[in-house]
Amino acid sequence: MLLHQQFVRMAKKHANKLAIIDKTTGKNVTYSRALIGALILNSKFQQYDKGFIGIMIPTSAGCALATVGALMSGRIPVMINYSTGAEANARYAQKKCKFKTIITSKALLEKINCPLIDGMVLIEDIMAGVTTGDKLKAALKTKLPVNMILNTIHKGNENDTAVILFTSGSEKDPKAVQLTHLNIASNIESFGGYINISESDILLANLVFFHVFGLTVNLWVSFYYGMTMVTYANPLDFQTISNIARDEKPTIMVGTPSFFWGYLQKSEPGDYKTLRLMVAGADKCPDALREGYKKKHGVTLLEGYGATETSPVISVNSHEFNRPGSTGKVLPNVQVRLENFETGDICKTGEVGKIFVKGDLVMKGYYDDPELTAEALVDGWYNTGDMGFLDEDGYLWHAGRFKRFAKVGGEMVSLVKVENILEKLLPEGVSCCVVEVPDEKRGSYIVATVSGEVNKTHILRMMLNELPIIALPREFIVIKELPMMSTGKIDFRSVTKMVREIISASDSGH
């Protein structure tokens, strides 16, 4: 199943239905208009080099149609992160994937103060150059039967790359993940079938399309099923998103826990009551957040788990099978294997090990990086770099990144588990991040950073009920503004660096 061809089928089937309600520009686009727009962009993109084409446009009708138009023209969209260091990211993408053209928007560049770099083409200029003839030609083409339209656009095969996405680079240089049409389509089929998504759903598309969560679950899920998507460019505008949810009555919404906290705090009771599926991913979902949505909006917030390299969804809770705290059952057609991190043996039920994933959802590989690909993929099994376990009923529990385990006193300690226990004891509004500090003389130990003052003695006493002594933080450091990543997660790498600097400075007596 090719994504751009599926879009054409849906656009023909639902011609008069709204495809996109764009809340940033105030434009409503029907499927027939969306098809005309995509066909026009397809013909405009023919003038650029074949192969990769960069797309750096905020979540909007324009970004969705440029992505489809690129595939129709036989080009592969390279999605560029504009939220952190747009100029550097654009240049990095051009260099890494060896291409020139980046479709971007003048409004965006002005807003984020990014210069126009060589190869950038403004979507506003492309649209201004569209003639009446172009529109007529595209409109006439949309009147043809589906198969004739499909004959006029790029064909290709399901193992072709459908997108390049960059990993967050939270550990080192961002990797260029190649996802194929089969990767994304199979993932949509697996979780769409599992949690019952249909064309009558209305999706609140609040996530950025340069992250896999937004690209698959906001953009392609919507077009794949022929549903209506309501787009808004800034997921951090908590108030506006809550108003949109109240006015447009969406039935599906996904996001990260930190976004969901924002929406919970800025919303009025019932703003989100029309949501039949609300799924949090990309980070641990705290119990307090689930309780907040249940109480304020009567909605069950479900938790899922995925990775850029797996298109993304690996497991998810559903209304039928929901075990809060777990990341749900592994999707149909997806295999998960847990290996003991020291012996490599398959883990027993309840035993924490490294999570490996296999199936049609697993990426083709990292672009132009055979070594990293060989490290991550062995016999089709993708090493997620995450730790977790399966319980007796087949629910997958996430125990944190392998890198977020510390060896303290010969034991493996999950920093995420320490964080989760600590979070429950912190005063409202205080967030935390737990890191490991190596100490050659006394061995590694654990430090908790908190964004406000806390009663350490009381907290440590409470933590002792749930954790062994070696897993308790040896000290608490207050960092008022904990550094964040664009996804809204605390930037663990930066916090670790800050803590180690603070400690080595105090050790040397400054």
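Every read-out reported here was derived from the displayed coordinates using simple, explicitly stated rules and does not represent laboratory data. Predicted model only: the values in this text are computed from it and were never measured. When we count neighbours, we look across all protein chains shown, and the Cβ atoms used for this are built from the backbone with ideal geometry, even at glycine.
Report, for the chain, the % of DSSP beta bridges that are antiparallel, rounded to 5. Beta bridges within the chain, antiparallel portion: roughly 60 percent.
If you average the sequence gap of Cα pairs under 8 Å that are 6 or more apart and divide by the length of the chain, what percent do you get for the contact order?
Details: 994 pairs, mean separation 52.7, N = 510.
Reported as a whole number, the value is 10 percent.
Any number yet on Rg/Rh for the range 364-473, C-alpha, Kirkwood?
Values: Rg = 17.5 Å, Rh = 16.3 Å.
We get a ratio of 1.07 for the range 364-473.
Reported value for the range 409-507: 109 Å³ per residue, from the convex hull of its C-alpha atoms. Residues whose amide H falls under 5 Å from that of residue 477, counting only those 5 or more places apart or on a different chain, are 448, 449, 450, with hydrogens built in the peptide plane.
What pairs in 27/143; 295/417; 44/135; 44/98 have C-alpha atoms more than 18 Å from each other? Spell out each step's value before the answer.
Details: 27/143 23 Å; 295/417 26 Å; 44/135 12 Å; 44/98 21 Å.
Distance filter (> 18 Å) returns 27/143; 295/417; 44/98.
For residue 400, the residues whose modelled amide H falls within less than 5 Å of its own, excluding neighbours fewer than 5 places apart on the same chain, are 387.
Between the Cα long axis of helix 3-13 and the first principal axis of the chain there is an angle of about 60°, rounded to the nearest 10.
Summing charges over all other residues whose Cβ lies under 14 Å from the Cβ of residue 478, with Lys and Arg as +1 and Asp and Glu as -1, gives -1. Each residue of the range 114-131 is assigned a 3J(HN,Hα), and the resulting list reads 10, x, 6, 9, 4, x, 6, 10, 7, 4, 4, 5, 4, 5, 5, x, 7, 8 Hz, derived from the Karplus form 6.51 cos²θ - 1.76 cosθ + 1.60 (θ = phi - 60°), x at Gly and Pro.
Helix 238-248 axis versus longest C-alpha principal axis of the chain: approximately 50°, rounded to the nearest ten. Shape annotation for the range 105-172: C-alpha extents along the principal axes are 48, 35, 18 Å, from largest to smallest.
Express the relative contact order of the range 409-507 as a whole percentage, based on alpha carbon pairs under 8 Å and six or more residues apart in sequence. With pairs under 8 Å counted, the relative contact order is 26 percent.
Determine the calculated [θ] at 222 nm for the chain from helices alone, applying -39500 (n - 2.57) to every DSSP H run no shorter than 4 residues and normalising by the residue count; nearest 500 deg cm²/dmol. Present the calculation step by step, with values, prior to reporting the outcome.
Numbers: 17 runs with 174 residues, N = 510.
Result for the chain: -10000 deg cm²/dmol, rounded to the nearest 500.
Summarising the amide proton neighbourhood of residue 163: residues at separation of 5 or more, or on other chains, whose placed amide H is nearer than 5 Å comprise 179. Over all pairs of different C-alpha atoms in the range 290-446, the reciprocal of the mean inverse distance, the Kirkwood hydrodynamic radius, equals 17.4 Å. The modelled label-to-label distance between residue 424 and residue 134, using points 7 Å beyond Cα along the C-beta direction, is 5.8 nm. Label sites at residue 464 and residue 343, each approximated as a point 7 angstrom past Cα along Cα to Cβ, lie 3.4 nm apart.
If one puts a single equal scatterer on every Cα of the range 165-301 and applies the Debye formula without solvent, what log₁₀ I(q)/I(0) results at q = 0.19 Å⁻¹? Cα-only, vacuum Debye calculation for the range 165-301: -1.14.
For a quick protection proxy, order the peptides 334-345, 429-440, 296-307 by their average other-Cβ count within 10 Å, most packed first. Walk me through the numbers on the way to the answer.
Numbers: 334-345: 14.3, 429-440: 17.0, 296-307: 21.8.
Those peptides, ordered most packed to least, come out 296-307, 429-440, 334-345.
Computed from Cα atoms, the angle from the helix 132-142 axis to the main principal axis of the chain rounds to 80 degrees.
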